[in-house]
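Each remark here refers to the structure printed beneath this line.
None of the figures in this text is laboratory data; all of them are computed from the coordinates on show. Please read all numbers here as calculations on a predicted model, not as lab measurements. Using ideal geometry, Cβ is built from the backbone for each residue, glycine included, and neighbour counts are taken over all protein chains shown.
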Amino acid sequence: MCFAYREGFAILDGWNFFKKLSPLHLLWLVWVLDMILQIFPIKNKVPLGSQKLFANRFRPIRDKINYEALKNYIVSITKAAYKVFLIWCALIAAIGVLYYTSVIDKIQLFMISVFFYVCDLICVLVWCPFRLIMKNRCCTTCRIFNWDHLMMFSPLIFMGGFFATSLVVMSAAAWLVWELCVMMYPERFWDHSNAALQCSQCTDKLCTQYCRKLRPNNGAEAKIH
């Protein structure tokens, strides 16, 4: 589209979203549906890592929860999370400088968000550099799992118009719901208080190969093979 159909990007301007049809409408719809699945509890077909904030995915452990250890865990991972937040803010500020100095335009700003979207898929399916800071075992236990859309669409903050603003507002809403639940229901985010997050109980298709090896039934399968 950048090279052969630039007029398709016209919907990025102002209220053109409602005036013209473009393939970007489909992409907008996919992103909005993704964010709706993060804001509301869904029983199936949504990764546990994204839905662990909700009561329907919480499986309390049988033992008594060590609330002091839980508090220390949440404080520790939240400090790590906001290190990521500050690094990302610096990156977005640099992108903003490039935009306001006319080094990049709206289309390139949009393509940066698309690039971040692809990077997010790579983080989930292949390897995530944020694990170096977060020290989390996998996506299922990740403290910033539902930060993805806010990070993806943060370059659009500078763009204006309905297309960009609607995505930024919805991603901020998904982030806010997540952060409120971390504060109100921290036990849902720790694998020593939520049994659903433990490797032995995990049925998530996004589970890494490393975590699969920790499942009890996999040991038996390995012997058979």
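Some notes on this structure:
- Axis angle, to the nearest 10 degrees, between helix 161-184 and the longest C-alpha principal axis of the chain: 20 degrees.
- The calculated FRET efficiency for the pair Val126 and Phe85, based on their C-beta separation and a Förster distance of 25 Å, comes to about 0.60.
- Neighbourhood net charge (12 Å Cβ-Cβ; Lys/Arg +1, Asp/Glu -1) for Cys181: +2
- Compactness of the stretch 1-74 is given as radius of gyration and Dmax, 20.9, 62 Å, from Cα positions.
- Listed values (1) 68, 53, 39; (2) 55, 41, 35; (3) 58, 42, 29 include one computed from this model; for Cα extents along the principal axes in Å that value carries the label (3).
- GNM result for the chain, Cα springs below 10 Å: residue of Asn194, Asn44, Asn146 fluctuating most strongly: Asn44
- Residues in the stretch 116-122 carry Karplus couplings, in order, of 5, 4, 5, 4, 4, 5, 5 Hz; the curve used is 6.51 cos²θ - 1.76 cosθ + 1.60 with θ = phi - 60°, and Gly or Pro positions show x.
- Hits among aspartates and glutamates - C-alpha to C-alpha of Lys71 under 19 Å, sequence gap 8 or more where chains match: Asp63, Glu179, Glu187, Asp191
- When each of Lys52/Lys135; Lys20/Lys106; Lys45/Lys83; Lys19/Lys52 is checked by Cα-Cα distance, pairs over 28 Å: Lys45/Lys83; Lys19/Lys52
- Compared with the dominant Cα axis of the chain, that is its longest principal axis, helix 67-100 is turned about 20°.
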